[in-house]
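J.: Below are the C-alpha cells for one structure; questions will follow.
Where a number appears in this text, it was derived from the coordinates with a stated rule and is not lab data. As the structure is a prediction and not an experimental result, all values here were calculated from the model. Cβ placement follows ideal geometry from the backbone for every residue including glycine, while neighbour counts extend to all protein chains displayed.
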Amino acid sequence: MNPTVHAIGAGADPEAVLTALAEVVDPELAIDIVSLGLVYTVQIAGAAVAVEMTLTTPGCPLHGSIAEAVRARLSQLDGVGAVDVSLVWDPPWTPDAMSERARQALGFA
C-alpha cells in the first residue's frame, strides 16, 4: 500500500520525502516502513511535513525509536523544517498493507 501524499504549495519535494521514509527500517523486521505499509498519509505544507503512520502492533516496544527515526531522517531533507509524526491505530495494520517484496521476505506470499 502506497501512502497518500498531499502537498500544499511550494515546499519539500514529495518524492524526496517518500524516498527518505523508505530509508527508515523497522529494526525488528529489517524492512522499511513504506514497504511494510506502515505509512498512511504524508502532508506537506511548505517546510512542514506531517506523517500519519502505524506500527504492526499497538504494543510494539520500538514505537518511540521508529517515530524518532522518521523525524530525524525527514529533518535532513532540504526544504523540511518541522516534522510531526502521529502514530494511529485506526485503521489497524494488516499484512495486506505490505508490498509484494515485503510479503515475500516475511513469508506471507
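J.: Quote to one decimal, in nm, the extra length available between residue 15 and residue 109 on full extension: 0.36 nm per residue of separation minus the C-alpha distance between them.
T.: 31.0 nm
J.: Using modelled amide H (1.01 Å from N, peptide plane; none on Pro or chain starts), what sits under 5 Å from the amide H of residue 31, excluding residues fewer than 5 places away?
T.: Amide H to amide H, under 5 Å and 5 or more residues apart or across chains, residue 31 pairs with 26.
J.: Shifting gears a bit: Using a Gaussian network for the chain with springs between C-alpha atoms less than 10 Å apart, which of these wobbles most: 32, 84, 96?
T.: The residue that fluctuates most here is 96.
J.: Same structure again: In degrees between 0 and 90, to the nearest 10, how far off the longest principal axis of the chain does helix 63-75 point, with axes built from Cα atoms?
T.: That helix lies at roughly 40 degrees to the long axis.
J.: Amide H neighbours of residue 85 under 5 Å, counting only residues 5+ apart in sequence or on other chains, H built in-plane at 1.01 Å?
T.: 51
J.: Now for a separate question. Can you compute the label reach from residue 22? Point 7 Å from Cα along the Cβ direction, backbone N cut-off under 17 Å, restricted to the stretch 1-16.
T.: 1-6, 13-16, by backbone N distance to the label point.
J.: Would you mind checking the stretch 77-96 for residues with the amide N under 15 Å from a putative spin-label position 7 Å along Cα→C-beta of residue 7?
T.: 77-81
J.: How large is ³J(HN,Hα), in whole Hz, for each residue of the stretch 93-103 in order, when computed from phi with the Karplus curve 6.51 cos²θ - 1.76 cosθ + 1.60 and θ = phi - 60°, using x for Gly and Pro?
T.: For the stretch 93-103, the Karplus-derived couplings read 6, 9, x, 4, 6, 6, 5, 4, 4, 5, 4 Hz, x marking Gly and Pro.
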